[in-house]
Structure formats: C-alpha cells, structure tokens
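Engineer: Below is a structure I'd like to ask you about.
The values are calculated or read from the model by the stated rules, or taken from the named source; none is laboratory data. Bear in mind the structure is a predicted one, so any value in this text is a computation, not a measurement. Quick reminder, even Gly has a Cβ in these numbers, built from the backbone with ideal geometry, and neighbours come from all protein chains shown. When the accessible area is computed, the model is the full protein with side chains, heavy atoms only, and any ligands, DNA or RNA have been set aside. Shrake-Rupley method; radii C 1.70, N 1.55, O 1.52, S 1.80 Å.
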Amino acid sequence: MWLVVGLGNPGKQYAKNRHNVGFMVTEILGTRWKAPAAKEKFSALWTKAAFGGDDAILLQPQTYMNLSGESVQKAMAFFKVPLANVLVIHDELDLPFEDVRVKVGGGAAGHNGLKSIIQHCGGPDFVRVRIGIGRPPKGAVESWVLGDFDAMEGARLPDVLQAAALASEAVLKDGAAKAQITFNTKPK
C-alpha cells in the first residue's frame, strides 16, 4: 500500500495557488483511479483507490502547509504504511516552472510542509514528486507561493499537472529509481 500525499492549503482562497499543486495532482489521480468521494479523517481529506494492482491512499492534509506532517503521521499509523511507501507531491521553488522531478530523501529546502513531514514521520526518506514553480522575480517568496499562476503559466499548468500525475503513477508502478530515470532526464 502507498500513501500518496498532495500538499496544499485548505480553503477556496488557496485553491489555485502555486503552493497547492500537490492537491491538484491528487485530484487528477483520484479521477483517473475512479476513487470514491473523499472523507474527513486524520485532519485531512482522504480516499482509497487501486492502482497497478495495489491500494493507494490519496491524502490532502487540511492542517495548512506548516502542520502537514501531523496529518501524514496519523494516516501512516492508521494504515501501517512505512515511510518508504509515502509519496509526497509538492511545489518546488528551486525548479523552473514546468519541470517535474522525482526524488527520494533529502532536506526540506525551506519547504515548511516537507519540514513538518520530516519532523513528524521519522525522517526524510520518503519519495517526492517535485513540481517546479520557479522563484519570484524579487524575493517575496511567501506571496509567490500563496499567489495564483499568471495567465501564461495557467495555460500550461494542465500539462504540468498531468506530467506530475504520470510521475506519481510511475513511482507506484515501477519504483522511484525507474521513475527518476524517466522524469529527471532532460531530452537532448
């Protein structure tokens, strides 16, 4: 079983923010996998679906980004999912917009949702699908991540989200190492 966590902030005012791409991707996965309607538990919205012959829990913490680890830890304990089978889908300032990368372990790189998961869930050794949102033109990081995509980004965003959904499915189906080869290699 996998625990697939989309990071974001709850509430309509945040729905289209750069910080909410994790929520957006888990919604795509839920639709693809014909998951039942989400329920509330673990301070999250969650649903269970099947993909590639295995069960997957789709989780959207409703704790706000900075406390995501509390929700993830509760779901891990309830479903008895080891850290190695946790996949976190999140925005990444250090990647250009449109880049999608798969990573295992590592630090939080200033991402408060990742910091919380590392703190509450036993360390950094979980799989990540990182969705590039780029850095703001001038240092205002908080307003950047809590801002909506501009019109040009918004037009390309559906393709980016689909790529992240494919990367997530590749992790579940083929493992992180194989998914990294596919999604982390730039075409020449």
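Engineer: Do you know which of the residues in region 26-66 that are open to solvent by 80 Å² or more (accessible area, probe 1.4 Å) and under 15 Å from the mean Cα position of the chain (by Cα) is nearest to Ile118 (Cα to Cα)?
Structural biologist: Among those that are open to solvent by 80 Å² or more (accessible area, probe 1.4 Å) and under 15 Å from the mean Cα position of the chain (by Cα), it is Asn66.
Engineer: Right, next: Spot the failing condition for Thr63; the list is (1) in a helix (DSSP H, G or I); (2) over 17 Å from Val81 (Cβ atoms), and only one is missed.
Structural biologist: So the condition that Thr63 fails would be (1).
The rows are residues; the columns are (1) buried (at least 20 other Cβ atoms within 10 Å of the Cβ); (2) at pLDDT 95 or above; (3) over 17 Å from the mean Cα position of the chain (by Cα).
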position	(1), (2), (3)
Ala77	no, yes, yes
Arg101	no, yes, no
Leu114	yes, yes, no
Ile117	yes, yes, no
Arg130	yes, yes, no
Thr185	no, no, yes
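Engineer: Another one. If I filter region 133-174 down to residues being small (Gly, Ala, Ser) and surrounded by fewer than 13 Cβ atoms within 10 Å (Cβ to Cβ), which single residue comes out as modelled with the lowest pLDDT?
Structural biologist: My answer is Gly139.
Engineer: Inside region 117-147, can you point out the residues that are in contact with a strand residue (DSSP E or B) (Cβ under 6 Å, 6 or more places away or on another chain) and more than 16 Å from Asn85 (Cβ to Cβ)?
Structural biologist: Arg130, Ile131, Gly132, Ile133, Leu146
Engineer: Which ones in region 90-110 are in contact (Cβ under 8 Å) with a residue 24 or more places away in the chain and out of contact with any Leu (no Cβ under 8 Å at 6 or more places or on another chain)?
Structural biologist: Correct list: Glu92, Leu93, Asp94, Leu95, Pro96, Phe97, Glu98, Asp99, Val100, Val102, Lys103, Val104.
Engineer: For Pro96, indicate whether it is under 15 Å from Ile117 (Cβ atoms) and surrounded by fewer than 18 Cβ atoms within 10 Å (Cβ to Cβ).
Structural biologist: no
Engineer: Please work out which one of (1) under 23 Å from Arg156 (Cα atoms); (2) at pLDDT below 95 is the condition Asp91 fails and give its number.
Structural biologist: The single condition Asp91 does not satisfy is (2).
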